[in-house]
Amino acid sequence: MLDLRPACAFTDFFVIATGANARQTKAIFDEVYAGMKKHGLTPSSSDGIQEGTWVIVDYLDVVLHVFTPDAREFYRLEDLWGDVPQLELEAATA
């Protein structure tokens, strides 16, 4: 997770996750979407769900990025935003 509060005004955090393949990135999106919806939160926008290589979901204060391994290596958001604090989250377990 990247803490963007010191660097930009359009969001507070990027949550970055990786699925093993496009099918898994879609499954991660589905789980996050369902969990957030239970709390009355729906995204203001989303993209990439059909392709599944880079799913981006905008919850305004938090933007979720779910990549396949190749797409994550290509876009390298952690390097692009290397000057902001990075926070590690524990992996979710079923």
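Every number here is computed from the coordinates shown, using simple stated rules; none is lab data. What you are looking at is a predicted structure, and each value in this text was computed from that prediction instead of being measured. For neighbour counting, all protein chains shown are included, and Cβ atoms are generated from backbone atoms with ideal geometry for every residue, glycine included.
Numbers below:
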quantity	calculated
Against the rule of thumb 2.2 N^0.38 Å, how large the Cα Rg of the chain comes out	1.04
FRET efficiency for E90 and T42, using Cβ-Cβ distance with R0 set to 30 Å, rounded to 0.05	0.75
Among V15, L64, F29 - extreme Cα towards positive end, dipole of the chain, charges at beta-carbon	F29
Cleavage-rule hits (trypsin sites (Lys or Arg not before Pro)) in region 1-79: DSSP loop, at most 15 neighbouring Cβ within 10 angstrom	R76
Check: the chain dipole with +1 on Lys, Arg Cβ and -1 on Asp, Glu Cβ, in debye	340
Within the chain, longest stretch clear of exposed GluC sites (Glu not before Pro) (DSSP loop, no more than 15 other Cβ within 10 Å)	1-50
Share antiparallel - DSSP beta bridges, the chain, percent rounded to 5	65
Inter-label distance for D61 and A20, nm, one decimal - labels placed 7 Å from Cα along Cα-to-Cβ	3.4
